[in-house]
Structures are given as structure tokens and as C-alpha cells.
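K.L.:
If you scroll down you'll find the structure; I have some questions about it.
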Amino acid sequence: MTTSVPEHWRDPRLGPTRTVRLSGGTVEYHDRGDGPVLVFVHGYLVNANIWRELVPLLADRFRCITPDWPLGSHRVPMHRDADLSPLGIAHVIAELLDALELTDVTLIGNDSGGAYAQLAAAERPERLGRLVLNSCETPWCSWPPSPGGFGLLKAAAQHAGTHRALYQVLRLPSTWRWRNTYGWLAKYPIDTTVMRSYVRPVLRDPAIRGDGRKAIAGVSASYLQSISDRLRHSFSRPVLCAWAADDRVFPVTHAQRYARSLGADLRTIADSYTYTAEDQPRHTAEVLSGWISSRSAP
């Protein structure tokens, strides 16, 4: 690791970095452990580093695959014509599962990664064995979520200039704890090196910034309204809502309502905001491993 390009750093605990070529471009991913396959989907403006504390707690029992999805903090830009709409990202997820020939996958989505995971499960469920929604959008949320003021992200993304300008405040570490940056997503401050890996790509690389802009400009609550019906009728695998008990962006009451609607299990994770893998990695690991084991075929 070098301090000159911290945005290129990924925690070695995630496992070796590998690449897979998909129709929309190259996606980097990390692969560690053996056993039933877990594929993690992070949200907007973070990368695989969000799972750095969680993976070591699971890798003795599971194969943990943690990609850098093209959501603004990745290292390799997608093709210029790549479809990074919500459905486009869902197909990127499905393509990766196909390319790696993964089966009986537990797909785990956090923050907006949970919305993409729901879309992937509704559109392409054939390689999935279970779905984990980890503090994320539900049909009663806006996308981007209204709490914290994240709706500004989509508004600014309508023009390249305003999109670029919006993120300039992230050059100052003091802004990282604002409620409309990361302060309402992580209850406790995130390691500085990790934060640099999240924010510097969008500040320094126009192509990466362009990928992030396409992704956030295309999100809409309209996708969320139809997901629950499609999952309820077309996704027959077990579903877990693993929710931060103190979530300020995605209320636990929404999780309770969604779990009832889907016939899903609900587990809460104490002393955490949305990023449970950041705030409470050990408790998150216990919830995931216990539930997956109970929901796996003998």
C-alpha cells in the first residue's frame, strides 16, 4: 500500500484480487475462503473494503466473494456504453455469477446494494439459494433515500458539472461525518485509509466518476414499488432482513413490514447504523452464519 494512491488499496483480508470480463466491462473481485458461496453487493460510493472486517469472520466456513461494483469507488471503469441503470447493475450481478459458474449463492446486499440485490433476485434467480437484505431500500423508501438528504445525489447527477462539483467537499475529512455523506450510514468513524479508497476515485478519475454518475442518475423509487410483488411471486428461496437496530436511513419498522410481506426472517443488529459490517462486523457475522446454516439443505 502507498499513501500516494490510497484509492487503489484494498484490504488484503478480503483475499486476492481477481478480474472477470463481462459484457459491460471488467469487474474486479476478491475471493477468500471455502464452503457455501456468499456474494456481497455494496452500495453507492463504497467498494469491497466495506467488508474487510466481516470476511475474516466468515471465511473459515464460507467462500466470500466481494466485488467492486461500478458505483463510483471502483478502480476499473466500465465500457462507456455500459448500462448502469438499476436493471443494468442487476444484470452485471447476474453476469458475474454466470461467469464464475456459482450456484446456490447467498446474495447479500447492503445499502443501495440491497436494492440491486433484490432486482437481481427478481430478474435472475436461478443461481441463488438465499437472499439477505442488510439495511437497505424497501418498497416504502425513496431511492436515493430521503433521510439524510441523499436525494441531492440524483439531482446533481443530471449534469456532469454539478455532479463533479457536489463531491468536492469530500476532499475535507471533516465532511465525512456529515449526515448526507457517511455520518448517518456508519455510526462510528471509518478508518481514514478506507475512506480515501471510497472518495478519491470519484474526485480524481473522470471515467470512474462517469460510472457513478450513470448509476446514481438512474435510480428511482419506481423500481422499489414493483420489487416486493415480484419477489413474493417469483422468488421461492429463503430471505433474511438483517437490519441495523439504530438505522437512521432505512427504518427498522420498514424492515418489519417487508419481512412480513415476503415471509422473510428478521434479525436486528444492535449499536449500528446502515453499514453493519463497519459498525458491528462480529455481530453481523454471527447473524449471517447462524441464519445461513439454519436455511441450508442438510
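K.L.:
Between Ala155 and Asp246, 0.36 nm times their residue separation minus their Cα-Cα distance comes to what? Write down the numbers at each step before the final one.
P.N.:
Numbers: separation 91, 0.36 × 91 = 32.76 nm, distance 2.75 nm.
Length gained, Ala155 through Asp246: 30.0 nm.
K.L.:
Also: How far apart, in nm, are two points set 7 Å out from the Cα along the Cα-to-Cβ line at Glu123 and at Asp271?
P.N.:
With each label point 7 Å from Cα toward Cβ, the separation is 3.9 nm.
K.L.:
A further question on this structure: Please give me the summed charge of the neighbours of Ser293: other residues whose Cβ is under 14 Å from its Cβ, Lys and Arg +1, Asp and Glu -1. Can you show the working numbers first?
P.N.:
On the way: positive: Arg61, Arg130, Arg267, Arg295; negative: Asp60, Asp104, Asp265, Glu286.
For residues surrounding Ser293, the net value is 0.
K.L.:
Let me ask another. Give me the distance between the Cα centres of the range 86-129 and the range 211-237, rounded to whole Å.
P.N.:
Between the Cα centre of the range 86-129 and that of the range 211-237, the gap is 12 Å.
K.L.:
Relative contact order of the range 6-294: what whole-number percent is it, with Cα pairs under 8 angstrom and at least 6 residues apart?
P.N.:
On the way: 633 pairs, mean separation 61.7, N = 289.
Worked out over the range 6-294, it gives 21 percent.
K.L.:
Grab the beta carbon distance between Ser234 and Thr175, set R0 = 41 Å, and tell me the FRET efficiency rounded to 0.05. Walk me through the numbers on the way to the answer.
P.N.:
Details: r = 42 Å, r/R0 = 1.02.
Efficiency, rounded to the nearest 0.05: 0.45.
K.L.:
About the Cα centre of the chain, how large is the charge dipole given +1 on each Lys and Arg Cβ and -1 on each Asp and Glu Cβ? Please answer in debye to the nearest 20.
P.N.:
Working: 34 positive and 29 negative charges, 109 e Å.
Using only the charged Cβ atoms, the result is roughly 520 debye.
K.L.:
Give the percent of DSSP beta bridges with both residues in the chain that are antiparallel, rounded to the nearest 5.
P.N.:
On the way: 10 of 33 bridges.
Among the beta bridges of the chain, antiparallel pairing accounts for roughly 30 percent.
Any read-out appearing in this document is the output of simple, stated calculations on the displayed coordinates, not a laboratory observation. Nothing here was measured: the structure is a model prediction, and the numbers come from that model. Because the Cβ atoms are built from the backbone with ideal geometry, glycine has one as well, and the counts that use them run over all protein chains shown.
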